Every structure is written in C-alpha cells, then in structure tokens.
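Bear in mind that the values in this text are calculations on the coordinates, not laboratory data. Since the structure is predicted, the reported quantities are computational estimates derived from the model, not experimental observations. Here the Cβ is made from the backbone with ideal geometry for all residues, glycine too, and neighbour counts use every protein chain on show.
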C-alpha cells in the first residue's frame, strides 16, 4: 500500500472533490501499464481499515441495516446477496425495511414495479431496495441505519 503522491502519475490539476478521476484512475492506468507500485508514492505503514457492517442470521431471518442511500434514493444494505441461498424455507425471500414489506428480489431494475419498493442484488453484491423511476428513501421514509430483515416462509 502506498500514498498516491507522485505528481507524474496523476493529472496535472487535481480537484478537491474528484480524486477518482484525478488521482485513482491515472494510478490504476499506470499500474495496468506495468509501472511498479513503489513509484506512485511512499509506503503507508499505518492504514486505517474501515469496518463495513455485515448481516447475521437470527432464528432463520437475515438481519442487517441500510448502510447508505445513493443519489437515486436506493437503499444500500449490509445484507450480502449470496446469503439468500442459505435462508431456510421454500418460498421467495420476504424483505422488510423498518417493518414495511418490500417486493422480493428481482433480476433487474426494469423488473421492479413503478411506485412500489423492490429488492435487488446490486453491483456491490449486497441487497439494495429501490423504486423503479422513483426513490425508495422517499417512498419508505427511511435512511441510513434502518433495520432490514429477510426471511422465507
């Protein structure tokens, strides 16, 4: 792990708000082109690890929480999508956010009904709750920290 400080491996003008474009993307491109990691900056000896909450199985129910709300109003949860297979029971997974029922996970955002919250396994591999052409945050009136529970009948 290194601090990305070498100016020759980043854009000439680095904005205060867009490091993904100005610092990280150029560094990734240089690494992909074969530049050794050490040339991008000095080693980091004391990294800070962020703990991302996961989910837990309690009496046959997956329990987690809303971790974040994206710019579309989708609720990003701590529940890993691959854990759905381990849920006991035979029926479709039943998803609840803050005690409110949400349509069972669908395959694509386009499969969600309009004006109704549905669940999907998002690009992070975690369960997301969304409203097609709308905002799950607004519809359900919840945000970060809201409890999420998934069970099968």
(message) Modelling each spin label as a point 7 Å along the Cα-to-Cβ direction, I'd like the residue 37/residue 8 distance in nm, to one decimal.
(response) 2.1 nm
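Provide the FRET efficiency to the nearest 0.05 for the residue 25-residue 108 pair, computing r from the beta carbons and using R0 = 30 Å. Could you put the intermediate results ahead of the total?
Values: r = 28 Å, r/R0 = 0.92.
The formula returns an efficiency of 0.60 here.
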(message) Test of understanding: in a Gaussian network model of the chain with alpha carbons linked when under 10 Å, which of 94, 16, 114 would top the mean-square fluctuation ranking?
(response) 16
(request) Among 48, 14, 69, determine the one that fluctuates most according to a GNM of the chain built with springs between C-alpha atoms less than 10 Å apart. (result) 14
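May I ask you to order 103-110, 144-151 by the average number of other C-beta atoms within 10 Å around their residues, highest value first? Walk me through the intermediate numbers first.
Numbers: 103-110: 13.9, 144-151: 17.8.
Taking the mean over residues of other Cβ atoms within 10 Å, the ranking is 144-151, 103-110.
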(request) Specify the residue with the greatest mean-square fluctuation among 89, 122, 34, computed from a Gaussian network of the chain linking alpha-carbon atoms under 10 Å apart. (result) 34
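State the extension gain, in nm to one decimal, for the chain segment bounded by residue 100 and residue 16, taking 0.36 nm per residue of separation less the distance between their alpha-carbons.
Working: separation 84, 0.36 × 84 = 30.24 nm, distance 3.97 nm.
Fully extending the segment from residue 100 to residue 16 adds 26.3 nm.
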(request) Kindly rank 26-33, 136-143, 124-131 from highest to lowest mean number of other beta carbons found within 10 Å of each residue. (result) 124-131, 136-143, 26-33
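Would you mind getting the Kirkwood hydrodynamic radius of the chain from its Cα pairs, rounded to one decimal in Å?
Working: mean 1/r = 0.0560 Å⁻¹.
It is 17.8 Å.
Considering only DSSP beta bridges with both partners in the range 48-153, what is the antiparallel share in %, to the nearest 5? The partial results should precede the final answer.
On the way: 25 of 28 bridges.
DSSP beta bridges in the range 48-153 are roughly 90 percent antiparallel.
Averaging sequence separations of C-alpha pairs under 8 Å and six or more residues apart, then dividing by the length of the chain, give the relative contact order as a whole percent.
Values: 288 pairs, mean separation 35.5, N = 153.
Result for the chain is 23 percent.
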(message) Can you say what percent of the DSSP beta bridges in the range 63-124, counting only those with both residues inside, are antiparallel? Round to 5.
(response) 75 percent
(request) Can you tell me the relative contact order of the range 81-137? Whole percent, Cα pairs under 8 Å, sequence separation 6 or more. (result) 26 percent
